[in-house]
Structure formats: C-alpha cells, structure tokens
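Engineer: One structure is given below, represented as structure tokens, and several questions about it will come after.
The values are calculated or read from the model by the stated rules, or taken from the named source; none is laboratory data. Worth saying up front: this structure is predicted, and the values here are computed from it rather than measured. So basically every Cβ, Gly included, is an ideal-geometry build from the backbone, and we count neighbours across all protein chains shown.
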Amino acid sequence: MADRRLQVFHAVARNLSFTRAADALFMTQPAVTFQIKQLEEQYGTRLFERRHGSISLTPAGELVLSYAERILALSDEMDTRLAEMTGEMRGPLLVGASTTIAEFMLPRVLGEFNALYPQVRARLIVANSESIEGRVAEHTLDIGLIEAPAKLSGLSSVACCEDDLLVICAPDYPLAEMASVTPKLLADYEFISREPGSGTREITDAYFRAHQIEPQALKTQMELGSPEALKGVVATGLGYAIVSRAVVDKELRLGGLVAIPLQPPLKRSLYLVYPQDRFQSRLAATFIDFAGRKLKEFAE
C-alpha cells in the first residue's frame, strides 16, 4: 500500500486543484491541504506554487510527481500480483478511452466485465485519442482504447474492431436526400469538425487528403470536442459532420438526423493500446482479450 500522502499529492498534481483532488479522493479540502502540508514539511521544500487562486508544481514537485507515478504504479502491481497468487481476479484497472468509444461503446463492455469480475475496480478516463495515448505511455493508465494506431514508442497497438463513419446532417439540410456523397461534393458544404487530437478528426483529414482535398480548404464552421456537441450543432442545420455509426443510432431511429454513406466508404479500426515495457497483470491481459472480443461483437 502506497503512502496516503503520496496518493493525495498525486491527485492534486494531476488535477492542479485541491478541490478537484478532494472530490476524486472523497476527502474534504482541508484534509487534502493538511496531507500536502505534511509532505512538504517532511521534505523541507514547497511542492506547489500558490498564486491568484491557481496552483502549479515547483521543480521539487515535478520531481516528486515523477517518482510518485512510479511508486503508485508499483503499489498497484503488487496488489494485483498478490491477488493473482490467491487465484482471485481483483484490484484496480485504469482504462482510458477516446470520447466516441467511452460514450457509445465502452459502458456495456465495462458493465459485462464487472459482472464477471466484481472484485475489479475499473476506473474510466475520457479524453481524445492523443491524450489517452500519452497517458498510457506515461504509465498513468493501464490500457487505452483509441481510434488510430499508437504513434508513441514503447506502446503496443492491437486492432480490435472495425468502425464505419458516415456523414450526418439535419433532415432539411441539402445533403439529406442524397443516396451517397463523395469527398469532392462535401467540399461545397459547411463542415462541423471534431477538434485537433481527436481520432475521428485525424482519419477524416486523411480521407480528404487521399482524395486531393486539403482539410484547410473545407468550409469548416466550427471544431467541437465531443460527439454530443457535434450532433447538437448538426441538428440545427448549420452543416454536416462525419461520425461513427455508433454515435447516431438513437437519433437515426428517432428521425432527428439523417445518415448518408460516403463514397468511397470510410472505415477505421479501433485499437487497444498498452505499454510494451511494463509488467502486464493477468487482470490487464484478461480485460484486453475481453474488450477486444466484445467490441468486435458490438461492431457486427
């Protein structure tokens, strides 16, 4: 078990907020502040700069954070290895997922996994693919599920299922009556895009470039950070978007949006990523296998 003060420090350092750290740890803010004060007194140095309602890490704090992440990861590994010696599947499982996967695919996977292994404490972190990949590489996440192969060294990528991407628009938008649309045709219409760093953004940019259309030449009206925001704007009739089929299943059934196939089709693989150079517990290996199979089933 890692020192509680180190756990509190790690939460504050990651959130750069005493309040958010207290919420994450189910502690009061004064209790968090007290733990940090004790740690600073133990090392005889300040770990955080406090100014104008915000905090930042001092050089000493940066050093402590680098060790804290390794110590906490080893502590979790020890808990998992001890559990494996007793034949139990239990312990923490830190999973990160890109927004589309986390919101529309992973809840069912995690629910079914928890039903099989109730002693596992899964925690889901949601961010864009670029951020999730970075956190897996930093060893602050055990496993990531993202929308493109990992680019950072030291990571393994396993394609787990295929995902169809479609054009969506409001029922009264000019594209709505078309049987299919080409990249060249889309260049003449208003585009609602995902934000840079998103796996969906990366693959749509590559798709347009492959058909001799630079993404900068598109009539991009706005860039949004979540599929839900994207759907909300598209529903107003402002433009079209390109999203995973899984994102719009409900809206298509209710008639709030229209989906149009791309010609040629746009498909992508979804990937499980994990560190190559780190001990992989039986728990992590089991989840990788389980999630891969379930996501493939859902996609079919």
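Engineer: Look at the stretch 270-289 and say how many of its residues are surrounded by fewer than 16 Cβ atoms within 10 Å (Cβ to Cβ) and in contact (Cβ under 8 Å) with a residue 60 or more places away in the chain.
Structural biologist: Here the count works out to 5.
Engineer: Continuing with this model, one more query. Kindly indicate whether any position in the stretch 187-198 is surrounded by 14 or more Cβ atoms within 10 Å (Cβ to Cβ), over 20 Å from residue 170 (Cα atoms) and not hydroxyl-bearing (Ser, Thr, Tyr).
Structural biologist: Within the stretch 187-198 (the criterion being surrounded by 14 or more Cβ atoms within 10 Å (Cβ to Cβ), over 20 Å from residue 170 (Cα atoms) and not hydroxyl-bearing (Ser, Thr, Tyr)), the answer is yes, since at least one residue qualifies.
Engineer: Of all residues in the stretch 49-73, how many are loosely packed, with under 12 Cβ neighbours inside 10 Å, under 21 Å from residue 139 (Cα atoms) and of a type in the set (D, E, K, R)?
Structural biologist: 1
Engineer: Inside the stretch 138-251, counting only strands (runs of 3 or more DSSP E) that do not spill past its ends, which hold 2 or more residues that are touching a Lys or Arg at 6+ places or on another chain (Cβ under 8 Å), at pLDDT below 90 and acidic (Asp, Glu)?
Structural biologist: 155-169
Engineer: So, in the stretch 252-262, of the ones that are in contact with a helix residue (DSSP H, G or I) (Cβ under 9 Å, 6 or more places away or on another chain) and modelled with pLDDT of 95 or more, which residue ends up surrounded by the fewest Cβ atoms within 10 Å (Cβ to Cβ)?
Structural biologist: This residue is 259.
Engineer: Here is a follow-up. Is one or more of the residues making up the stretch 105-122 closer than 28 Å to residue 218 by Cβ, surrounded by fewer than 21 Cβ atoms within 10 Å (Cβ to Cβ) and without any contact (Cβ under 8 Å) to a residue 40 or more places away in the chain?
Structural biologist: No, there is no match, as no residue in the stretch 105-122 is closer than 28 Å to residue 218 by Cβ, surrounded by fewer than 21 Cβ atoms within 10 Å (Cβ to Cβ) and without any contact (Cβ under 8 Å) to a residue 40 or more places away in the chain.
Engineer: Continuing with this model, one more query. Would you be able to tell me the number of residues in the stretch 10-30 that are in contact with a helix residue (DSSP H, G or I) (Cβ under 7 Å, 6 or more places away or on another chain) and either in contact (Cβ under 8 Å) with a residue 12 or more places away in the chain or not β-branched (Val, Ile, Thr) (or both)?
Structural biologist: Result for the stretch 10-30: 11.
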